[in-house]
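What follows is calculated from the coordinates using simple rules that are stated; it is not laboratory data. Remember, predicted model here, so these are calculated numbers, not experimental data. Backbone-built Cβ (ideal geometry, glycine too); neighbour counts: all protein chains shown.
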Amino acid sequence: MNDTKGLHEDLAYVAKAVRNECPPEVRAIYLLWAVLVPVGFALPDFAPQWAGWYWLIVGPAGGVASWLIGSRSSARIGMRDRRTGRRYAWHWTAASVAFLLAALPAFKGQISGSVMGSYMLLIAGLVYVLAGVHLNRPMVYAGTLMLAGYLVINLLDFAYAWTATGIIVGLGLALTALLAGRPREQG
């Protein structure tokens with residue numbers, strides 16, 4: 001009887017891994033960005049002189065924190081899939097390079113900070129949607145909200161558009177954390 005219970009626990013562990021349930025630590029990555037994004041998006045409306053500096057510091061720091069959280073979580077639960085790890089690393093490294101390259105025209109004075117910010121939002125939306133397609137399905141939702149925010153910021157002229165977009169994207173990231181915690185449907 002005891003062997004049956006052990007076998008059942010082992011099968012439950014394998015089933016959880018196969019369903020790709022997201023550990024709480026990884027959901028914390030989404031929640032981290034759900035806090036960082038609204039703050040950074042509000043800066044163009046309230047303190048535009050600090051927006052670039054905020055993202056220059058918080059973007060890479062948040063990326064490193066996300067990597068550490070994800071890496072430690074994988075090690076803790078015993079999931080060491082180097083192939084998947086490399087896919088995540090390549091995806092987010094390419095995203096980081098795209099952000100840096102998109103910032104070059106602003107650093108050279110060719111475009112304004114607000115134009116650069118909207119391009120960054122476009123890139124972030126695309127990066128998240130692609131991450132949802134190739135890495136972790138719930139990221140599609142946050143990415144779609146970012147792309148919608150890009151449209152709002154560029155097509156509608158209203159006060160606090162960046163702040164509103166940041167709040168919506170932050171809520172989308174929080175929702176992503178909730179959806180990432182649910183097991184995928186089998187079928």
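Computed from label points 7 Å out along Cα-Cβ, the spacing between ALA94 and VAL58 is 2.7 nm. Say R0 is 22 Å: what FRET efficiency, to the nearest 0.05, do TRP67 and ALA102 get from their beta-carbon distance? The calculated FRET efficiency here is 0.55.
Full extension of the segment from VAL39 to ALA148, taken as 0.36 nm per residue of separation minus the current Cα-Cα distance, would add 37.4 nm. Label-to-label distance, PHE46 versus LYS5, with points set 7 angstrom from Cα along the beta-carbon direction: 5.4 nm.
Compared with the direct C-alpha span, the chain from SER112 to LEU135 gains 5.0 nm at full extension, assuming 0.36 nm per residue. Cα gyration tensor of the stretch 78-179, axes a ≥ b ≥ c as square roots of the eigenvalues: rounded (a/c below 1.5), prolate (a/b > b/c) or oblate? Judged from the Cα gyration tensor, the stretch 78-179 comes out oblate (a/c at least 1.5, b/c at or above a/b).
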